[in-house]
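Peer 1: Quick one: this structure, given as structure tokens, is what I'll be asking you about.
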Amino acid sequence: MNNDEFVSKITKEKMSVLSLRIPESLHKRVKILANDDNISINQFITSALAKKLSALDTEKYLEDRTLKGSKDKFSKALSKVPDVAPDEYDRL
């Protein structure tokens with residue numbers, strides 16, 4: 001989802017107001033970056049917050065999935081992978 005699609009989706013939801021104190025240095029940076037992206041500071045911060053929350057949700061999901069796995073299942077799955085050399089573009 002690109003930034004325009006994200007902002008469009010978010011703006012259809014009921015909004016809350018949040019008063020926030022941030023260092024002046026961060027405010028200056030976010031103002032510049034939002035301007036570079038042709039979006040408001042609110043949109044920039046909303047997008048950044050959503051991305052952070054998504055990363056945390058993903059981390060939690062992967063941690064939960066790890067608990068469901070086992071070395072035996074991994075070894076069994078890995079044994080089904082053919083033992084061939086990787087393509088040229090995939091070699092280290």
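Peer 1: Of the conditions (1) at pLDDT below 95; (2) on the phi > 0 side of the Ramachandran plot, SER16 satisfies every one except a single condition; which number is it?
Peer 2: With respect to (1) at pLDDT below 95; (2) on the phi > 0 side of the Ramachandran plot, SER16 is out only on (2).
Peer 1: Return yes when LYS73 is surrounded by 10 or more Cβ atoms within 10 Å (Cβ to Cβ) and closer than 30 Å to GLU5 by Cβ and no when it is not.
Peer 2: The answer is no for LYS73.
Peer 1: Further question: Looking at ILE39 and the list (1) surrounded by 10 or more Cβ atoms within 10 Å (Cβ to Cβ); (2) in a helix (DSSP H, G or I), which single condition is not satisfied?
Peer 2: (2)
Peer 1: Of ALA85, ALA50, ALA34, which residue is on the phi < 0 side of the Ramachandran plot, part of a loop (DSSP other than H, G, I, E, B) and of a type in the set (A, V, I, L, M, F, W, C)?
Peer 2: ALA85
The values are calculated or read from the model by the stated rules, or taken from the named source; none is laboratory data. Computed from a prediction, not measured in an experiment: that's the story for all the values here. Heads up, the Cβs are rebuilt from the backbone with ideal geometry, glycines too, and the neighbour counts pull from every protein chain shown.
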